[in-house]
Every structure is written in structure tokens, then in C-alpha cells.
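These notes are about the structure you will find just below.
The values are calculated or read from the model by the stated rules, or taken from the named source; none is laboratory data. From a predicted model like this one, the values you see are computed outputs, not experimental measurements. With ideal geometry, Cβ positions are generated from the backbone for all residues, glycine too; neighbour counts draw on all protein chains shown. The protein model used for the area step is the full one, side chains on, heavy atoms only, and it has no ligands, DNA or RNA in it. Shrake-Rupley method; radii C 1.70, N 1.55, O 1.52, S 1.80 Å.
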Amino acid sequence: MAPSLVIVESPAKAKTIKKYLGRNYSVMASIGHIKDLPKSKLGVDVEKGFEPTYVVIKEKKGVIDKIIQLAAEADDIFLALDNDREGEAIAWHIAEEIETRLKKKSKENKKGIHRILFNEITKKTIQESIKKPQKLDLHLFESQQARRILDRLVGYKVSPLLWERVQRGLSAGRVQTVALRLVCEREKEIRNFKSEEYWSFHASLKGSQGDPFQADLVSYQGEKLRVQDEKEAKFYVAGAQKHPFILQKITKKERQRHPTPPFITSKLQQDAARKLGFSPKKTMMLAQQLYEGMELDNEDIVGLITYMRTDSVRVSDIAIDEVRDFILDRYGKKYLPGSKNEYKGKKGAQDAHEAIRPTSALRIPEKVQKYLSKDQYLLYDLIWKRFVASQMTSAMYDQTSFDIDSKEYGWRANGSILRFSGFLEVYSEGVDEKDEEEESGKILPDLKEGETLKLLEIKPLQHFTEPPPRFSEASLIKELEEDGVGRPSTYASIMSNIQDRGYVRKQDRRLFPNDLGMIVNDLLTESFPDIFNVQFTAQMENELDEVEEGKRTYVEVLTDFYTPFQKTLIEATKHMKNIKRQEIKTDLFCPECNSPMIIKWGRRGEFLACTNYPECKYTREFQRDEEGEIQLMKREVTGEMCAKCAGQMIIKSGRFGKFLACSNYPGCKTTRALTVGVGCPLCKGKVVEKRTRKGRNFYGCSNYPKCNFATWDKPLKQSCPQCGSPFLIQKVTKTSGTQIKCPEKDCDYIRSTDEEPVKASSN
């Protein structure tokens, strides 16, 4: 009997599933998509019903050949790709390749090609899925195809406009531009914000018993008081001190705080950002590793969490029964609700997968910690705690409030105490800003209504209104989710794209738009107001969902989009501003020829240039302060002298990054590469950053061609604490992201970029 072939996406998943299925199955990884639209052209025939032309991805030719070879020897082929749009598209393309290629070899060939679906990678789930194969889902595939074509039409039609009007290499993504727009509009709000002064009043009072407590002024003559200067504040303080403080009303009530549902993708990314400081990209990378399987001593290889791309809060009855038994056993009866907690998902949520949860609540984080890296453990711990807490009882608070009158002045004091922790025993959701939280621990004294309180002090406090906060990655994902923009699989890539393109930078965990991002946003939103906006993009997501549900065809959705888009594109081609040719006058004068200076746009953004060009080639970098005023950037002096003219060597920025140049330019044109601060391991030279003809950065010896040392990984001026290597390297891979490693082959030292040590993988 020929072994059956199972095709999955990743090698790690293939390794796990192979262990579960045994010798009668061969398991092969496609390593993601095998086919895509061509990079060199549009690849979509708009006139023929938006017919796409898919080509085999160059790097996947060998993978496909191997799949075809194994498929030819198998009687049954199981496509076990992820149960989402992307996974269905990969499955569809693999099935097409197998059928097309094997048909050429034998007209009689008829392979049984099946689709299998699972939400978690455990032995029981995998073996049950193999017994219940399904057919490929055409609607799910066409939904992904519609999204891919939409993104291609926008990217390949609009991006060239940005190349022509701003700079080459820019991109206009259908969804990423909306995310950029939110960041830029928030920045404009902040810049235009006018702060206003206001005052608050706090009275320190003492009752007939107990400790003093604080009450806040909430009204004056029955209305909310708005005080905007110190003189007025002193007037109200003086007035309040003249009258007795009477405790008019005491309100006591019990308050509950309910647990939150298990994680969906967006909530996981938000909480991992708030609590662990992880970027969405890092969170999804770690979650993928936990999902695909870790090697445990007692269970061989097992997936620790369910599928991590989901917007459903649904959980299987088996998982709920297990966690309820666990809660009863570990925490006791009072922490277990009488019946399971049920949660309602957001409107329009896809229900293909369960919520993100541990595959078994019995695998408590401490038990599996030794098998995980530090970051893997932290994320698993977060997912496990959120899931367990979701099936626990609510927290209970005793809340008390005092309403106090002082003639025209109305005061209020609030206090509460946590009476029963409930789910808080395990987990509490993170927050972005100073969200309102229960004032646990603040207790008011046991007083009676009607008693007169002793005034100890009234403190007036000065405040200033603040602009809305800049987005963090977590709060931007939250905003996109609430607006209906994007889907679980897209949030991490959106965050990465707007930063990788140079549109947005992350600073102190906040997202700041760069000048390039502001310019691109203004151009695109002015020229395509009906396309790059939140409402339109959210509507497109709904229409893609309708394709998935079989309510509309993908051709209908694309036609409705393309007709108005084409008209707008023609208008934008005529009227979009040309930033390259734009020159803005300033009141500055050239220090070399005294001609007026203007602001121009170049490859690296705005810069000051002399109007007497080409006779005078003086330029200067600058930045703008918070008011938008020009501030000349100080030149970075290195202390090194030019070997040719003895001028100062300064650090400048060029199209290939920073480099050293003589300050006497253009009289002296001496330049050289900037070292990374690491000595060459092969000679006495220094390691410098270089670039290949195709534009890829690498690092080589300054003594080239005498010394041929070169590496793709950036050397860091840090010695290895494990083996003493004089430098470490910063290694970037698609599977592991960015990590810091030792370059020595015999040393397994590795750590994450946030300086946290992590255990080297044994795989």
C-alpha cells in the first residue's frame, strides 16, 4: 500500500503531524504560498473578468517538484493547510499543480485529493481529521483571490504615481494606507491641539470616627464647575471654607467585574503589547511556534495552543469541561460558576476557528516552562491565564459613595474594596491609557447620614487639557478592529508595513508619522478620498465576507470597486501634486553665497538647498520642531581628519545610508564607509557596511580586496558572554524574526533584540 501524502504549510508543523500519523503517511511542507501574481506586471486581465495569472514562486520550484514526486506515489493526498482564506488558496493552488502535472504523465491518473481541517495540532485532533476529509472550498478561495486582486490593483496602479511624484520604491497598500491615515490624522490633532487651563478641588474631611478621607468638588449651584485660572480658583476655595460640610447621602452597593472572553487575534496582540512589550509581528511568530508544536519529554511533540488567527470567542465543550474541572480542583468551588460562561462575538466575526486557548488547560505554564524560550513561555502564560480566567466567577466589590453638601457646593467621595477576587486570582486585562479602574483598597469610614464633617483642608489643583495620545501598536489595532478594517491575519503585517516603508516610526512604544508618511498620506487621501478611508475599507471587508459566504461572486465585488477606482485614478494622474518639483521658500540664506534657501524633496525627505544651484551646491539637513519651525540639524563630527586635505570628517546620510565625508566638500570629495565599530576577525581591518549591486546590505572588511571577510548579518560591538567571541551578530530570518546570536558555530548563545536572554533552540 502506497503511503498517503499530507501537505502542510510549515516544516515544524510537518514534523509534529508526522509523529502523530506514523509510517503510512509522508508529510510535506509547502512553506507558505507556492504561486502568486507575477512581480513584474499587473497579472490581472481586467477586461476578462479580472482573470488572474498565477506563476510559480521562483524559490518554490524545488518544493513543488518534490510534492509532485510524492503525490505520484500516493493514492490519497490530504491538504492540511490552515483553515482560513490564505490556507485555502495554498491548498487550491497545490491541488491544481498536482492535477495538471500528473495528468500530463498519465491520462488514467485519478488521485484522491482531500481537504482536512483542524483547530489544534494534537494527536487526537489530527487523527480524527484524517478520518473526516472534506472538499476544497471554492467560495473561501475566491474570497482570498478577490482580496489579492484588490490589493494588486491598488498597489500596481497607485504606487507608480508615488514613484513619479515623491520617490521610487514607495507603496500604496489598500489597508495599510488607512492605518497610516489614522496615525497621521491623530498627529494633526495633536499638533493643532490648544491646551486649556482648568482647576479641580479636593477637600480633606474628618467624620465622627475613622480616618480622614478625600472628597472631590462635583458641582456648584447644581451645575458642573469649570474654573480656568488661579484667581477664580482662590475665590471658590474661600467660598467653600465658609460653610459647614454635611454628609447628606450614603450609597452602598455591591459591584461585579466580569471576566473577559478567551483571546481572539487582535486582543492577543494588544495584551501582548501592553503587558509584554511584544510587537504584533513578534506575538504572531511566537504564537505560530506554540501552535505548530513543541517537544515535551512526556508527550513527544505537541501543539500547545489552538490556531492563532481567529476572531471567534467560541470554545469547544470538551475544552470547557476540562478547564471547569481544573478550576474546581485547583481553586475551589467558589471560583467556579454554576454553569459555563458564554460570550458573544463581535458582529461579522468568522466562526471557522475557536478562540485562542491552550490545547489542554492541564498543561499549566510552569510545567512546560523548561521546554520553551523565555518569550514563548511569557506568551503561553498569557494565553493560558486568559482562558482559565474566562471560565471563573466574577470579582466582587463593595462600593460606597458619600454625597456631601456645603451650601452651593456639592462634593463626592468614592471608595471600594475587593471582597472576592474571582477571576482576578488568575488574570486581569491590560489597558492602554488611564482607563477607569475600580478603586480597590480605598475604604471610606463608617459614618451616618446627616452628620457634620470637619474640614481639614481644601486643595485646588491646576491642570491643563491634553491632546489625544499617539497610537501604540496595540491601540491602533484596537481602532482598526472597532472600525472593521482588516482581519485577524492582517494586523501584524499592517503594523510592520507602515514602519518598514518608512512612513511611521515607533518611539517609546508610540507611533509617530515620519515626514514621508505625512506627505504620502496627504497625497493619497486628497486624490483618492473615497478609497483610502475607514468606511470604504470596512465595507470592502464585508463584501469579501459575502464572497466567502457565497452571497456574491468575486467578479461582482471587483467590478463594483474598479469602475469608480479607474475614474479616480485618471483624475489623480492629472492633478496629484509633484513633490519632487515642489520648492518652498524660506527666510534662510545660504552661508556660502548668501542666496535664498528653499526646501526641496529628495530621496531622504526634505532638505534645504541653495537657489543658486548649480553654481552653489550647498545643502543642509533640517528638522521641524513641534510648532513646525525649521531647526538646522547639527553635523555629526567624528574627530577624524581627512587624509587628503586635513578637513574634518563628518557623518552624512546618502541613498545607501550613513557614510563619512570630508567637511570641505565640494572642494574635497573624500568619502568612506562608516564602520560598525567591530574589528575584522580575519585581519586588522574594520568591518564596514556595504551594499550589493542589487541593493542588499552586507558587511565586509575595509581592507577588501586584500581581505575577503563578508557577512549578511550585522556585527555588534558586544562580546559573547558564553564563549568570549569579540562580537555578536544580529540575524534576521522570516521564521524567527530578529535575534542576537554568537557567530561561532560551536556556541549556541542567542537572545532576543529586547536584551532578554533566550534559550537556544535544540531543533
Where chymotrypsin sites (Phe, Trp or Tyr not before Pro) fall in DSSP loop in the range 92-201, at most 13 other Cβ within 10 Å: 193
Over the range 347-409, volume per residue of the alpha carbon convex hull, in Å³: 237 Å³
Per residue convex hull volume, Cα atoms of the range 268-340, in Å³: 144 Å³
Interchain or long-range residues, amide H under 5 Å from residue 691's placed H: 698
Estimated 222 nm signal from helices in the chain, with DSSP H stretches of n ≥ 4 weighted -39500 (n - 2.57), rounded to 500: -10000 deg cm²/dmol
Neighbourhood net charge (13 Å Cβ-Cβ; Lys/Arg +1, Asp/Glu -1) for residue 405: -1
Compactness of the chain, expressed as Rg and Dmax over alpha-carbon positions, Å: 31.7, 102
Computed over the chain: relative contact order in percent, which uses C-alpha pairs under 8 Å that are six or more apart: 12 percent
Inter-probe distance in nm under a simple model that places probes 7 Å from Cα toward Cβ, at residue 249 and residue 722: 6.6 nm
Rg/Rh for the range 472-537, where both radii come from Cα atoms and Rh is the Kirkwood radius: 0.96
Environment charge at residue 702 (Cβ cut-off 12 Å; Lys +1, Arg +1, Asp -1, Glu -1): +4
Proximal aspartates and glutamates relative to residue 652, as straight alpha-carbon distance under 18 Å, when same-chain residues fewer than 8 apart are discounted: 606, 621, 636, 640, 689
Lysines with Cα under 16 Å of residue 58, excluding same-chain neighbours fewer than 8 positions away: 35, 39, 41, 66
Per residue accessible area of the range 3-128, 1.4 Å probe, in Å²: 49 Å²
Cross-link partners of residue 574 among lysines (Cα-Cα below 18 Å; sequence separation of 8 or more within a chain): 157
Rg/Rg_ref, the range 683-732, where Rg_ref = 2.2 N^0.38 Å and atoms are Cα: 1.22
30 Å Cα cut-off, lysine pairs counted over the range 282-410 (separation 8 or more, or different chains): 22
Cross-link table 577/600; 658/686; 684/706; 580/617; 242/448, entries beyond 19 Å C-alpha to C-alpha: 242/448
Computed lengthening from residue 582 to residue 136, 0.36 nm per intervening residue step minus Cα-Cα distance: 155.2 nm
Rounded percent of accessible protein surface that carbon and sulfur make up, the chain, 1.4 Å probe: 47 percent
Euclidean distance of C-alpha centroids, the range 539-581 and the range 214-290, integer Å: 42 Å
Per-residue ³J(HN,Hα) for the range 667-675, Karplus 6.51 cos²θ - 1.76 cosθ + 1.60, θ = phi - 60°, Hz, x for Gly and Pro: x, 10, 10, 5, 9, 7, 5, 8, 6
Spin-label model distance (nm) - residue 23 vs residue 275, 7 Å beyond Cα toward Cβ: 4.6 nm
Distance in nm between pseudo-label sites at residue 202 and residue 560 (7 Å out along the Cβ direction from Cα): 5.4 nm
Coarse-grained scattering of the range 1-68 at q = 0.14, 0.15, 0.23 Å⁻¹, given as base-10 log I(q)/I(0) from a Debye sum over alpha-carbon atoms: -0.56, -0.61, -0.95
Trypsin sites (Lys or Arg not before Pro) within the range 1-103: DSSP coil, no more than 15 neighbouring Cβ in 10 Å: 23, 39, 41
Per-peptide average of other Cβ atoms within 10 Å, ordering 381-389, 420-428, 679-687 highest first: 381-389, 420-428, 679-687
Per residue convex hull volume, Cα atoms of the range 532-601, in Å³: 132 Å³
Too-long pairs where the Cα-Cα distance tops 25 Å, listed order kept, from 253/459; 224/249; 188/231: 253/459; 188/231
